[in-house]
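For reference, the structure discussed in these notes is given below.
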Amino acid sequence: MPPRPVDRRAAALVFALLVLATVAAFAYAQRAKRNPLVLDKVTFVGAPRHKGTRVVPSFTPNGDCRHDLMRIRFRVTRSSRATVQVIKPGGRVVYTLGRDRFLKRYHFATFYWDGRQRGGGTARPGRYKLRVRMGSERTLVTPGAIRLHRAPSRARSRCATVAGAGGLRPGSKP
C-alpha cells in the first residue's frame, strides 16, 4: 500500500507552532540574560592562610592550626537581610553562619566555618554547599562545594599566630 499524502494544512500548522515556540524560547533566554546576578564572586578557602602558602579549597578541622577554618566569601548585587547556612547536598542544614544579617550590595561578606554541626561536634567529612536566604523572596545555593576532610587528630596546641600574618586563634571569631 502506498503511503498516505501529508495534509498541507497540518504541516503548515506544525511548522508555524515550531517557529512560534522558537521565538518564545529566544525571548525568554534574552530576558534571563538581562537579569543581574544576585550572588557573585563566591570563594571557599581553607584558612588561616599565611603568605607563601598555597590556596587550599578544603579544610581539616582537627585543631592543628593548619586549615582548621573555611573562609567563605561572596558579594551580593542587591542589599538585603539574609540568613547564611552550610547545608548538605540534600538540603539539610548543618550549621547557620549568620542569621538575619544585612548584606550590602557590591560589598564582600566573609564568614568562617570551623566544621561544627548545629547540635555540636564536628561535621562528617564530605562535600557541603552554601545557602543564602535573602528575605522571603529568594533562596540561593552557591555553585561549588565546601570540602571537609578528616585528618588524624593532633594534640591540641595553643598555636596562636601573629594577627598581621593573617592567622587566627582556634575557636576565635574573625
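For K88, K41, what's the fewest-to-most ordering of other Cβ within 10 Å of each Cβ? Numbers along the way, then the final one.
Values: K88 14, K41 10.
Final ranking by Cβ density, sparse to dense: K41, K88.
What is the order of M70, M1, M134, fewest Cβ neighbours within 10 Å to most? Let's see the in-between values first.
Working: M70 25, M1 3, M134 19.
The order, fewest Cβ neighbours first, is M1, M134, M70.
Rounded, prolate or oblate: which one fits segment 90-136, using the alpha carbon gyration tensor with axes a ≥ b ≥ c (rounded when a/c is under 1.5, else prolate when a/b beats b/c, else oblate)?
Details: a/c = 2.13, a/b = 1.87, b/c = 1.14.
Verdict is prolate for segment 90-136.
Where a number appears in this text, it was derived from the coordinates with a stated rule and is not lab data. Everything numeric here is computed off the predicted structure, so don't read it as measured data. Please note: Cβ atoms are built from the backbone with ideal geometry, for glycine as well, and neighbour counts cover all protein chains shown.
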